[in-house]
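These notes are about the structure you will find just below.
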Amino acid sequence: MSEYDAQLPTTVVADILLWKRWQLSVGVIVVATIAWFLVDWTSLPFLTICSDVLLILIVLLFLRANYAALRNKQPPTLPELVVSEEMVNNVAASFRVKINNLLLIAHDITIGKDFRIFFKVVGSLWLLSVIGSIFSFFTLAYVGTLLMFTVPVLYSKYGNYVDKCCGMINHQFSKHYRIVDESVFNRLPHNIPKDKES
């Protein structure tokens with residue numbers, strides 16, 4: 001068993017994000033850039049690109065296996081992909097709990113139990129709508145990928161300075177939020193009164 005096989009997947013991902021395995025980091029950024037260019041700049045449909053990439057991969061694997069058979073070599077082994085029933089049940093149970101929590105939060109927001117959460121959700125959705133009208137989904141995914149590979153490295157180098165600046169910004173934001181909270185949000189009703197039974 002090699003050194004890479006013994007490591008946890010989270011360790012490998014952390015190493016890639018922190019550029020400790022810079023070849024893989026560069027590879028991910030190059031692949032993301034090519035994918036973004038193909039999807040956003042060539043105006044090809046996403047389904048067409050996915051189908052073409054899978055077609056090329058399948059043809060290459062087929063040719064590789066048949067070439068090995070012609071040379072009387074052992075064909076390359078592919079890992080067997082088996083999804084166990086236990087794994088499916090665990091994933092389903094986890095999704096069920098998360099979806100029920102989201103539905104409970106959505107119920108509380110829509111019936112107006114807490115105006116603060118309502119205004120936060122409305123503001124967040126409006127902001128997402130504005131961002132979505134400016135950028136395409138794939139551009140946002142590409143920018144998110146680039147940020148994933150730059151922010152952790154920059155934070156590991158300049159973490160103390162960033163923490164100091166964020167602390168000052170948080171202090172100012174908290175001060176302004178307290179003013180708005182006292183003058184606006186505290187005057188809003190928190191609960192809708194229930195109808196009295198006759």
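Since every read-out is calculated from the coordinates, none of them should be taken as a lab result. Since the model is a prediction, treat every value here as computed from it, not as a measurement. Every residue, glycine as well, gets a Cβ built from its backbone with ideal geometry; the counts of neighbours run over all protein chains shown.
Calculate, for Ala141 and Lys73, the FRET efficiency according to 1/(1 + (r/R0)^6) with r their C-beta to C-beta distance and R0 41 Å; round to the nearest 0.05. The value I calculate is 0.55. Taking the Cβ-Cβ separation of Thr42 and Asn89 as r and a Förster radius of 25 Å, what is the calculated FRET efficiency to the nearest 0.05? So the FRET efficiency works out to roughly 0.05.
Segment Lys98..Leu81, full-extension length gain: 3.5 nm, with 0.36 nm per residue of separation and the alpha-carbon distance subtracted. The label point for Val59 and the one for Arg178, both projected 7 Å from the Cα toward the Cβ, are 6.7 nm apart. Loop-resident GluC sites (Glu not before Pro) (DSSP state other than H, G, I, E or B) in region 61-121 with no more than 16 further Cβ atoms inside 10 Å of their Cβ: Glu80. Between Phe119 and Ser51, the simple spin-label model (points 7 angstrom out along Cα→Cβ) gives 5.0 nm. When peptides 24-30, 46-52 are sorted by average Cβ neighbour count within 10 Å, with the highest value leading, the order is 24-30, 46-52. Here the peptides 140-146, 156-162 are ranked by packing, the mean other Cβ count within 10 Å, and the order with the highest first is 140-146, 156-162.
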